[in-house]
Every structure is written in C-alpha cells, then in structure tokens.
Amino acid sequence: MTGISHGARLCAVALILAVSSGLAPASAAVNLASSTRIRPDRVVAGGTVAINVTFNSADALEQVNVALEVRSPAGERIFQQVIPAQTFVPGQDHAYSARWAVPRDLAPGLYTVQTGAFSSDWTTSYTWNERAGLITVTDSFVGFVPAAYYVDCLFGNDSNVGTVADEAWSSLTRANEALLQPGDFLRLRRGCTWNGPLLASWNGTQLHPITIEAYGSGSLPKIQNDEFAQVNIKGSYLVFDSLNVRADPAFVDESCKNNRIGYRLGFFFAPGSSNNVVKNSLIEDTGAGVDIGPGSYGNTITRNEFLNNNMMWDVDPWLNDGGANGILIEGDSNDVSYNQISGSIVCSIRYPADGSAFELTGATNNRIHHNRVGGNWTFAEVSQSTNNDFAYNISTDSGFTNHATSVGTRLFNNVFYVPGGGIVSCFPCQEGGLALVNNIIFADIALYTDGPIVERNNVYWRRGGGSPAMTITRDPTSMVADPLFVDPATGDFHLRAGSPAINAGSAESIDAGFSQDMDGIPVPIGPAVDIGNFERE
C-alpha cells in the first residue's frame, strides 16, 4: 500500500478488513456520478500513471472517504490511495488524483482501476466503480517514443503543451507535475532562473533513464533558494545533466566572519532513491552541495564543480556543527568521481575552522575517486561508516580523519600535497579501521594514529626534505623520498623521470577495481603500479 497518510491508512485498513471479512458496505440511495481519467493508459513497468476521478453528487454528503485503487489481473490490490473526510456539495464537481509509481518488477498485464466513495466508517457505499479504467503494463519499449518536455522561464507558459521548445512550460511547479516515463527528457532553458524545488519523483529504468538537462545557449539553468533542497530526488534512474543549484542563507552570523547559516542542500537523495546520476553541473552556495541520504544507493556524482558550499546548519556548533560540505554521503554503494571541490571552509568558534570536501556518516561501500580537491578546510571526515574507498584523488587540503566508529576505510593512490600541514588521522583507531596503500603524502605531519593500521607502498616527503612526522613505524615497502612532481605549485602532480614512485606500488589498488590513473591511462604501464595519481609513460 503506497501513498497513504497515517489517518488515511487507518481508513484503508478498515476498508480492507470489511471486504476481507465478507461484510461488503451497504449501498446508499444517493444520486452520485463519477468519471475517471487515466494518463497514460499504457505504461512500461517503472513508469508513472496519473489517476484522476471526479464526483458530482445531487445530495449533500459529509465525512466521505474517497478511495482509488489498482488491482492486478488476478484481482489483487496492489495500489490504494484514500482521501478521508471529504464534503460533497450538491451539484459541484469534486476532483481527486493519485499517482501510481508502477514497480519496475511488476508483471505485464491488464490492470484495473477502481474508484469509490464511502461513509466515514466504511459501512455504506455511495458509489463503487469496479471498472473505472484499465491500464496496460508492459515490459517492452516497442511502440514507445520518448517524449521531451521543455521549461522556459522567459517565453514559456504553463498552459502550453510543453512538448516543443516554442510551446514550453514556464515554471518548475508545472514541471514537477509532468508524468515523465522511462526514456523521457525534461529540458530546462539555459539562462533561466527558478526558485526551487525541482521535485524529482519519477522512475526511469536502467536502459531507459529519465534525463533532466539543459537546452539552448547561455549560462546553466539555475534552481535556487528552496529552504531545504533545490533538487529533491525521490525516484530512480534519473540523470541530471548541466544544471546550476545554489541557495541564499536563512541569515548571517555577524559574530563569526558573517557565516552563512541555514539548512540548505543542493541535490538531496531521499531514502529509497537509487541509481541516479548528477553530472556536468555547478553546485554552489549551500550547506551540502550533494546530500546522499540514508537508504539512498547506487548513485553517481561525476564531473561537477562544487564551489563555496560553506553554509552551516546552526549558528551554535556545540549544538550542531554540520554543514559546509561539498558532498555528504549517508547512503550506500555510491560512486563519486572526477569532481572539483573548493570553498567548503567557514569560521568556527569550536575549531580553528570547519568544513570539508567530503563527509561520510553511516555510509557503506562508497567509492570516492579521481576527484581534485583544494581550498576546503579538510579533505574528508569519515564516521560510523564501513568499507569505503578513496582512490586517485588529488588534495591540497589538510586533514583526513577516520573516526573510531569507522572500519574498512582504504586509501589508494591519492596525492596529498599540503606543505606545512597535516594529513591522515585515525584516532582512536581500531583493528581494520584504515589502510593506506600507494599514496604520496607531502606534508609536515603525515600520519597520526594510536592504533594499528595497514600502511605500505607509500612515498613520504616534507617541505625542506626528509620524513614528515608519523606515529607508526613505516612499512619496508614505503619510502621517504622526493616524489619528483612535475610542477606541484601549479597543480601538476605527474611524475618526472627518475621518480622513486615509478613501478613502486602494490596491485591492491587494481584488485580493488581502480584500473585507470587520473588521465584515464590503464594501470599499470610498466611492471608495477606507480605510486600516486599518474602513471609515468
């Protein structure tokens, strides 16, 4: 049973109990007409169907429970929407609607829509249409032509058909109502700005995702200033391509360098959302540019620019020190790659400063790789999380903290370049908490831990030469040596000829699934993996 509030759910349970017990509601002698509209009436599993029913009663009725249902070919109820306690005014139309998100694994067949109106205690039926409409569910895309819908803030009109650029809609409100099916497109005009949110509750499929993208020329289409999330993602197999999201704060904290305060997100992945993609987008001025919430999984965040996501949740960090995150991951099995992240740094009365490119909490089996990070307070903070990998990232930010509540965190082939700063902390650290393999750490403080970690095949160096400080004995496979970067001052961390990092790495990174370097070159080129981000040709 889906789409039912708590009060409506109690009503629905009453109806189900009445029917299952054989006590069918008695029919009342009222003059009540109904009509039903279904859009579309043929849908691929995974799509969305709108069910609209209109009642017109010749008699006044109070406390009416309205029910809309979908039943399988075998008569099994698979969807129900209940709208309780309605008032029917004589002679007036009363319209109700429901959206049925067709399960992706639903068997093909002919499904029946049933609609009705009942007394508040479900003992009396005012009307019940057992065949209000039919929906054909198929698992084949044969005969389906993907549709494209356009939204244009300059010349659109919500009364337009929306299916051609010259007849575009104008608002996100209208776009949110669109019945996008697998394979469809929602196109937002470049140069336009809308107040959010975009409510993305649609469902595509693996082979036929729904794409929300920019069209036209000019700056990226901008969605801004919703008080929660600019793009609120509740669906699956959605692709968001070339968008700009941002938000103004709720207020400014003048006591701490004008910190921007407010619980504002860029893209929020709600529990249950899955297999979505955000790419080629500009994500800025929020408290978390992307928040992959608990229970969201299988999403990909790739080739985006994260800029100045430096809003804090609360003015008092002793109550809530959240916020100022480029990417916040609370879900599982997500892939974050090839992004550029900067500007997640804020004033703090609790710490010297606050903010991070990445924050993982309660996260499992995520892969964070091939990202370039700089100008944030810290690179990453990991807490209450399990089996997450960071690989082939470039960071010029101090700080990677693996808290005691996290296990199975692995760092492969990263370059941490922070002359004068510190990098990795695992404190308190437990067995199996952290592994460092094939990394280059150029810093004054390389590693601070009070417990056992896996450490091998790393290169360490510090400003002025020699070994950076660390609290463990280095593994014999690791070395203190100048990595011989091409030009670290300009961010070029390729290896020069003669670098000790060439062919000095472990194959563990390949075994973990990381088989390309930062340039996309297959690893290894030589007899062994190079330490760091780039294979030396």
Notebook entry, point to check: Among the residues of the stretch 1-33, which ones are more than 39 Å from the chain's Cα centre (by Cα) and either in a loop (DSSP other than H, G, I, E, B) or at pLDDT 95 or above (or both)?
Noted result: 21, 22, 23, 24, 25, 28, 29, 30, 31
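Quick grid of which residues meet (1) within 21 Å of residue 268 (Cβ to Cβ); (2) surrounded by 24 or more Cβ atoms within 10 Å (Cβ to Cβ):
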{"site": "336", "(1), (2)": "yes, yes"}
{"site": "351", "(1), (2)": "no, no"}
{"site": "356", "(1), (2)": "yes, yes"}
{"site": "364", "(1), (2)": "yes, no"}
{"site": "371", "(1), (2)": "yes, yes"}
{"site": "376", "(1), (2)": "yes, yes"}
{"site": "379", "(1), (2)": "no, yes"}
{"site": "389", "(1), (2)": "no, no"}
Margin query: Please determine whether any residue of the stretch 465-482 is under 28 Å from residue 388 (Cβ atoms), free of Cβ contacts under 8 Å to residues at least 24 places away in the same chain, in a loop (DSSP other than H, G, I, E, B) and among the β-branched types (Val, Ile, Thr).
Written below: yes
Next item on the list: Mind listing whichever residues of the stretch 59-77 are in contact with a Phe, Trp or Tyr (Cβ under 9 Å, 6 or more places away or on another chain) and surrounded by fewer than 16 Cβ atoms within 10 Å (Cβ to Cβ)?
Entry: 59, 60, 62, 73
Item checked: Matching residues in the stretch 383-397 - criterion: being free of Cβ contacts under 8 Å to residues at least 40 places away in the same chain and not in a loop (DSSP other than H, G, I, E, B) -> 383, 386, 390, 395
Item checked: Residues of the stretch 187-241 satisfying the condition of being closer than 15 Å to residue 173 by Cα and part of a loop (DSSP other than H, G, I, E, B) -> 192, 196, 197, 201, 202, 225, 226
Check: If you go through the stretch 169-180 one residue at a time, do you hit one that is more than 21 Å from residue 235 (Cα to Cα), outside any strand (DSSP E or B) and under 30 Å from the mean Cα position of the chain (by Cα)?
Finding: yes
Next item on the list: Taking residue 447 as the residue in question, decide whether it is modelled with pLDDT under 95, crowded, with 16+ Cβ neighbours inside 10 Å and within 16 Å of residue 414 (Cβ to Cβ).
Entry: yes
Margin query: If I filter the stretch 258-270 for residues that are of a type in the set (Gly, Ala, Ser) and at pLDDT below 95, do I get at least one hit?
Written below: yes
Margin query: Looking at the stretch 169-191, can you tell me whether even one residue there is without any contact (Cβ under 8 Å) to a residue 12 or more places away in the chain and buried (at least 17 other Cβ atoms within 10 Å of the Cβ)?
Written below: no
Margin query: Give me the residue from the stretch 486-515 that is assigned to a strand (DSSP E or B) and closer than 15 Å to residue 392 by Cβ and, out of that set, nearest to the chain's Cα centre (by Cα).
Written below: 493
Next item on the list: Please specify each residue of the stretch 424-463 satisfying the condition of being among the β-branched types (Val, Ile, Thr) and assigned to a loop (DSSP other than H, G, I, E, B).
Entry: 453
Notebook entry, point to check: Any chance the stretch 122-132 includes a residue that's surrounded by 13 or more Cβ atoms within 10 Å (Cβ to Cβ), under 25 Å from the mean Cα position of the chain (by Cα) and among the β-branched types (Val, Ile, Thr)?
Noted result: no
Check: Of the residues 286, 300, which single one is surrounded by fewer than 21 Cβ atoms within 10 Å (Cβ to Cβ) and modelled with pLDDT of 95 or more?
Finding: 300
Notebook entry, point to check: If you go through the stretch 258-266 one residue at a time, do you hit one that is over 25 Å from residue 201 (Cβ atoms), part of a loop (DSSP other than H, G, I, E, B) and not hydroxyl-bearing (Ser, Thr, Tyr)?
Noted result: yes
Item checked: the stretch 221-238, residues that are of a type in the set (D, E, K, R) and within 21 Å of residue 299 (Cβ to Cβ) -> 226, 234
Next item on the list: Considering each residue of the stretch 137-160, count those that are at pLDDT 95 or above and surrounded by fewer than 15 Cβ atoms within 10 Å (Cβ to Cβ), and give that number.
Entry: 5
Notebook entry, point to check: From 87, 112, 163, which residue is part of a strand (DSSP E or B), loosely packed, with under 13 Cβ neighbours inside 10 Å and in contact (Cβ under 8 Å) with a residue 12 or more places away in the chain?
Noted result: 87
Note to self: Checking the structure you have, find out if any residue of the stretch 92-100 is farther than 28 Å from residue 213 by Cβ, surrounded by 15 or more Cβ atoms within 10 Å (Cβ to Cβ) and in contact with a Ser or Thr (Cβ under 9 Å, 6 or more places away or on another chain).
What the structure shows: yes
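The values are calculated or read from the model by the stated rules, or taken from the named source; none is laboratory data. Keep in mind it's a predicted model, so treat the numbers as computed, not measured. Note: ideal-geometry Cβ built from the backbone for every residue, glycine included; neighbour counts use all protein chains shown.
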